[in-house]
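Peer 1: There's a structure below that I have some questions on.
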Amino acid sequence: MKKAVFPGSFDPLTLGHVDIIKRAVPLFDEIIIAVGVNATKKYMFSLEERMAFIADTFKDEIKVKVDKYDTLTVDYCQSKEADFILRGLRNPADFEFEKAIAQTNRKLSGIETVFLLTSAETSFISSSIIRDIIRNGGDVSALVPKSVSFKK
Ligand code: ADP
């Protein structure tokens, strides 16, 4: 069984994440979207909200599961018996950052990271820009799935 973990903050889930997940569905038997809990990070959305946005968006996709984790990513993958980590690449900065992490993870555990290149239509979307727009009262409905809701 080909099982992948897609780790991330998903603060919040964007159409860029959705694109990567939908395109990964045919490649794996199961994809666990693992929402990170990092005590030193400040999030805009609570863990429950971040998980609910994902669960609602993929409620009809049986291969996609949602979970949380607060350990080393490779330890989490091993606890789930997942052999692959899924990540998206948008630009050279993503590549440089992801390369070191993927090589370290493979050295630590043998787990392979599978990268999908962003689609042209969603390559500019990032959770951090979306948070800025929300903070300033803007409309993000063209950038996030319908399940992402918040009070203005
Ligand atoms: P993290 O804090 O781990 O970077 P994010 O939620 O920001 O968590 O991103 C999770 C993953 O989704 C990363 O691999 C990131 O490169 C990818 N990603 C984010 N936005 C996009 C996008 N617009 N297109 C493709 N991949 C994306």
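Peer 1: Only one of these is away from the ligand (no atom under 14 Å from the Cβ) and hydroxyl-bearing (Ser, Thr, Tyr): Ser9, Ser109. Name it.
Peer 2: Details: Ser9 fails: away from the ligand (no atom under 14 Å from the Cβ).
Of the residues listed, the single one that is away from the ligand (no atom under 14 Å from the Cβ) and hydroxyl-bearing (Ser, Thr, Tyr) is Ser109.
Peer 1: Separate question: For the structure I just gave you, tell me whether Ala93 is away from the ligand (no atom under 11 Å from the Cβ), out of contact with any Lys or Arg (no Cβ under 6 Å at 6 or more places or on another chain) and among the aliphatic types (A, V, I, L, M). Break it down into steps so the answer makes sense when it comes.
Peer 2: Numbers: away from the ligand (no atom under 11 Å from the Cβ): no; out of contact with any Lys or Arg (no Cβ under 6 Å at 6 or more places or on another chain): yes; among the aliphatic types (A, V, I, L, M): yes.
So Ala93 does not fit the description; no.
Peer 1: A further question on this structure: Condition check: farther than 20 Å from Arg90 by Cβ, assigned to a helix (DSSP H, G or I) and not polar (S, T, N, Q). Does Ala24 satisfy that?
Peer 2: Working: farther than 20 Å from Arg90 by Cβ: no; assigned to a helix (DSSP H, G or I): yes; not polar (S, T, N, Q): yes.
No; evaluated as a whole, the condition is false for this residue.
Peer 1: So which residues in region 112-152 are hydrophobic (A, V, I, L, M, F, W, C), within 23 Å of Lys42 (Cβ to Cβ) and within 16 Å of the ligand (Cβ to nearest atom), if there are any at all?
Peer 2: First, the residues of region 112-152 that are hydrophobic (A, V, I, L, M, F, W, C): 114-117, 120, 124-125, 129-130, 133-134, 140, 142-144, 148, 150.
Now restrict to residues that are within 23 Å of Lys42 (Cβ to Cβ): 125, 129-130, 133-134, 140, 143-144, 148, 150.
Within region 112-152, Ile125, Ile129, Ile130, Ile133, Ile134, Val140, Leu143, Val144, Val148 meet the criteria.
For (1) more than 22 Å from Thr122 (Cα to Cα); (2) loosely packed, with under 15 Cβ neighbours inside 10 Å; (3) within 11 Å of the ligand (Cβ to nearest atom); (4) of a type in the set (Val, Ile, Thr), each residue gets a yes or a no:
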| residue | (1), (2), (3), (4) |
| --- | --- |
| Leu13 | no, no, yes, no |
| Val37 | yes, yes, no, yes |
| Lys42 | yes, yes, no, no |
| Glu49 | yes, no, no, no |
| Ile54 | no, no, yes, yes |
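Peer 1: Is it the case that Val25 is surrounded by fewer than 22 Cβ atoms within 10 Å (Cβ to Cβ) and touching a helix residue (DSSP H, G or I) at 6+ places or on another chain (Cβ under 7 Å)? Before the answer, list the steps.
Peer 2: Numbers: surrounded by fewer than 22 Cβ atoms within 10 Å (Cβ to Cβ): yes; touching a helix residue (DSSP H, G or I) at 6+ places or on another chain (Cβ under 7 Å): no.
So Val25 does not fit the description; no.
Peer 1: Only one of these is among the aliphatic types (A, V, I, L, M), at pLDDT 95 or above and under 15 Å from the mean Cα position of the chain (by Cα): Val140, Val64. Name it. Lay out the reasoning, then the answer.
Peer 2: Values: Val140 fails: under 15 Å from the mean Cα position of the chain (by Cα).
Val64 is the lone residue from the list that is among the aliphatic types (A, V, I, L, M), at pLDDT 95 or above and under 15 Å from the mean Cα position of the chain (by Cα).
Peer 1: Which residue, of Ser123, Ser141, Ser128, Ser46, is of a type outside the set (Asp, Glu), touching a residue at least 60 places away in the same chain (Cβ under 8 Å) and farther than 22 Å from Phe28 by Cα?
Peer 2: Working: Ser141 fails: touching a residue at least 60 places away in the same chain (Cβ under 8 Å); Ser128 fails: touching a residue at least 60 places away in the same chain (Cβ under 8 Å); Ser46 fails: touching a residue at least 60 places away in the same chain (Cβ under 8 Å).
Only one candidate qualifies: Ser123.
Peer 1: Taking the criterion of being hydrophobic (A, V, I, L, M, F, W, C) and touching a Leu at 6+ places or on another chain (Cβ under 7 Å), would at least one residue in region 49-64 satisfy it? Give the derivation first.
Peer 2: Of all residues in region 49-64, those hydrophobic (A, V, I, L, M, F, W, C) come to 51-55, 58, 62, 64.
Keeping just the survivors that are touching a Leu at 6+ places or on another chain (Cβ under 7 Å) gives 53-54.
Checked region 49-64: at least one residue is hydrophobic (A, V, I, L, M, F, W, C) and touching a Leu at 6+ places or on another chain (Cβ under 7 Å).
Peer 1: In region 127-138, is there at least one residue being closer than 22 Å to Phe58 by Cβ and loosely packed, with under 13 Cβ neighbours inside 10 Å?
Peer 2: No, every residue in region 127-138 fails to be closer than 22 Å to Phe58 by Cβ and loosely packed, with under 13 Cβ neighbours inside 10 Å.
The values are calculated or read from the model by the stated rules, or taken from the named source; none is laboratory data. Computed from a predicted structure; not experimentally measured. Please note: Cβ atoms are built from the backbone with ideal geometry, for glycine as well, and neighbour counts cover all protein chains shown.
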